Amino acid sequence: MRTKVTLILVFLNVALFFYIFRFERLGGGDIMDVNRKRVLGAEAADIRTLEINGPGARVIALAKRGEKWFVTKPLDWPANPNAVSRIVTDLQFLEHETSFNVADLAGNGQSLADYGLDQPKLTVTFSTAGAPGDDTPPRTTSLRLGDTTKDGLRLYVLSPDGRRIHVVNQSLARSLALSFEDLRSDAVFTIPVFEASSLNLQTAAPASLRIQLRRVGGRWSFATPIIARASKTATELAINALNDLRVKSFVTSNPPAVLPSANPRLRISVEGTNRRETLDLGDRVDGTAAAGAGEYYAQFEGRDAVFTVVIPAAPAKQLDLKTTLDRAQETLRETRLLDFDARTVTAITLAAPNQPELTLQRLESGPQAGDASSWQIVRRSNGGQGPLTIPADRAVVARLLEQLSLLSAIRFQSDAPRDADVEGWGFNRPEREITLTVRVDQNTTQTIALQVGLPTQRDGFAYARLPAGSPSVYAVDPDLLQETPVAPLAWRDRLLRELPAGAKITALTLTAIEGRAPLYSHQLTGGETWATVLAAEPAPRRAALETVLARLGTLRAEEFVLDQFAERVNVAGEERPWQYKLEAAITLTGGAGDQTSTTTLYLTPRVGGTHQLAGSPANEFNVVFALEQPFLDALWTLTEGPRDPGEQVPKNNVDGLAPTPAPIGGK
């Protein structure tokens, strides 16, 4: 039994010896050597305060508040985190190349004075925090830095207990020799724009004005002195500009007669997550009363230091930061009047004096429909019948929604208008009332109303307000009234007809109504196609006929003139009968045999180069409309091409109308 115990003990001793041997060989000794080279130990693990005493009674003190370092002497100011981190790191990892005991100096006839340690060049004192829950006071440690070695590459340092002199690298001395200007932060505001939740401004007395902007979600708005939307872009650019401000210099002598904190010309506060930064901006350094860009005295709330800050000039046609903040109620305000998503608008109602109300209604709603949804015009009929609906032009309605979403104030006219002003700007009888019905969710809608008035005394502006919102009145471009006509024809779908698959034009005839022979006439027979028929035509007429055939296949109006066909129409200010008739036979091939119908368009002469009317009789589209430019250009070639004098005007065309041509003939 004793033999077994003895063998086990011998085995454990051998294992322990082997482990120690291997540990030393594989680096354990290196770790111990490193620890032996370290000048400081656990006392430098969590440094909370630093004080550097240098030549000429120079004292710089730093303290850590939370996770941030501050310079506390000679001025209380945030520290440069990089510079302080370098000092702390140099202290924590300070290593000597060699060291010797102070007690051995006397035996060699030396003293601390021989190493410059009796009156050190620099002394650094730091304290560390105790363990969590430990009530013991912080531990204070001091290092004295003396002369450099004879080769000028190293430095003598006296250990905190004063027993050893260490020879260390000079990097510690260089980091401790930094001046206040090097150790302080030059930033004024430090709350980034993504963290900012509030921007507060207060202008100087006696006309002191408090302005507060708040961010809710991704939007900024004014909370005081008015309730209005703020421009997200302008507000965040202003906060970014505040973060770009830098301290130019600290005022240690000849301070201003009136401190910025005593009478700020502008007080600026930015609030972030559990913190607030406030800057008091005082007078200009040059003593002038000029506003805008320049160098200003300033103080930060909670700090006595007076410093100067330069507000840079802005690029051309832009406002500098000082002017922007002085006029924040205007410069940071959202100029766009309406805030909505066009995809959620389900109806648009337009009203004007002495005109029936017009409603544009979306047939498919929701963001998934987007611009692809169809719209219709809803008209109230007379005689108690139900409302009449007409297809609306999707592109025209989309353009209206885009214009309304971009509608911006040229100037903010008034935020507290008087009754007389409201009447003078035309709101007693608005020229236009626009109401948007917006879908909030599947079961809820809300309305956004806009009134537009024209002033009694015309001044080149129209005036707009949101009657259900704030009382604010905005000056806007009067073209808005031209873009929101109440006439149904302005919104009617421009596409009159598009031939279905299997349908084709089999005959085409263009006739001068007062002429004897058609200007052009042909009917396809047998296996003829328009390509083979038109191949025999001269190039200009061939291109014109191809365009006419294509435009008849997809018949669109440039704009509508009358919502009913008329025998006489207004041409160049005079009521005239139609001059041409264009007929096309359309054959639809189907299972029940071919079905042929005829489309007829009555035409006026071309007026002014860009205007020609067409009329569709009551048994077809029952409308009068203007032709699109390619269509009327092609018709001009067929009616006037052979006699077109180029840029000259025919002698008998004194009123700008094309004369009735003689028959040209054709197939």
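Things worth noting here:
- Applied to the stretch 285-293, the Karplus parametrisation 6.51 cos²θ - 1.76 cosθ + 1.60 on θ = phi - 60° returns per-residue 3J(HN,Hα) values of 5, 6, x, 7, 9, 5, 9, x, 4 Hz, with x for Gly and Pro.
- Residue 340-residue 618 FRET efficiency (beta carbon distance; Förster radius 35 Å; 0.05 resolution): 0.30
- Solvent-free Debye calculation, one equal scatterer per alpha-carbon of the chain: log10 I(q)/I(0) at 0.07, 0.12 Å⁻¹ equals -0.76, -1.26.
- Alpha carbon convex hull of the stretch 562-621, volume per residue in cubic angstrom: 98 Å³
- With Cα atoms, 0 to 90° folded angle of helix 539-553 axis to the chain main axis: 80 degrees
- Helix 2-23 vs. the chain, principal-axis angle (Cα, 0 to 90°, nearest 10): 70 degrees
- Contour minus Cα-Cα distance for residue 507 and residue 412 (0.36 nm per residue): 28.0 nm
- Built amide H within the under 5 Å cut-off of residue 486, gap 5+: none
- Using a cutoff of 8 angstrom between alpha carbon atoms and counting only pairs six or more residues apart, the relative contact order for the chain works out to 7 percent.
- Overall, the stretch 42-183 carries a charge dipole of about 240 debye about its Cα centre when +1 sits on the Cβ of Lys and Arg and -1 on the Cβ of Asp and Glu, all other atoms neutral.
- Each label was represented as a point 7 Å from its Cα along the Cα-to-Cβ direction; for residue 153 and residue 399 these points are 8.1 nm apart.
- FRET efficiency estimate (nearest 0.05) - Cβ-Cβ, residue 174 to residue 15, R0 56 angstrom: 0.70
- For the stretch 495-643, the Kirkwood estimate of the hydrodynamic radius, built from every pair of different alpha carbons, is 16.0 Å.
- Rounded tilt (10° steps) of 81-92 against the dominant C-alpha axis of the chain: 30 degrees
- Debye intensity ratio I(q)/I(0), log10, the stretch 198-331, q values 0.20 Å⁻¹ (C-alpha model): -1.27
- The alpha-carbon atoms of the stretch 342-488, seen along their principal axes, cover 42, 37, 26 angstrom, with the largest extent given first.
- The length gained by stretching the chain between residue 428 and residue 331 to full extension, at 0.36 nm per residue less their Cα-Cα distance, is 32.0 nm.
- Geometric extent, Cα atoms of the stretch 249-395 - Rg, Dmax (angstrom): 28.3, 89
- Two-decimal log10 I(q)/I(0) for the stretch 90-244, as the Debye equation yields it once each C-alpha is a single scatterer, q = 0.08, 0.13, 0.17 Å⁻¹: -0.52, -0.75, -0.99
- Rounded to 0.05, the FRET efficiency of the residue 420 and residue 232 pair, given R0 = 30 Å and the Cβ-Cβ distance, is 0.30.
- Potential lengthening between residue 310 and residue 374 on full extension [0.36 nm per residue; Cα-Cα distance subtracted]: 17.4 nm
Here, each number is a calculation from the coordinates, and none is a lab measurement. Values in this document were obtained by computation on a predicted structure and should not be read as measured data. Glycine gets a Cβ as well: all are built from the backbone with ideal geometry, and neighbour counts include every protein chain shown.
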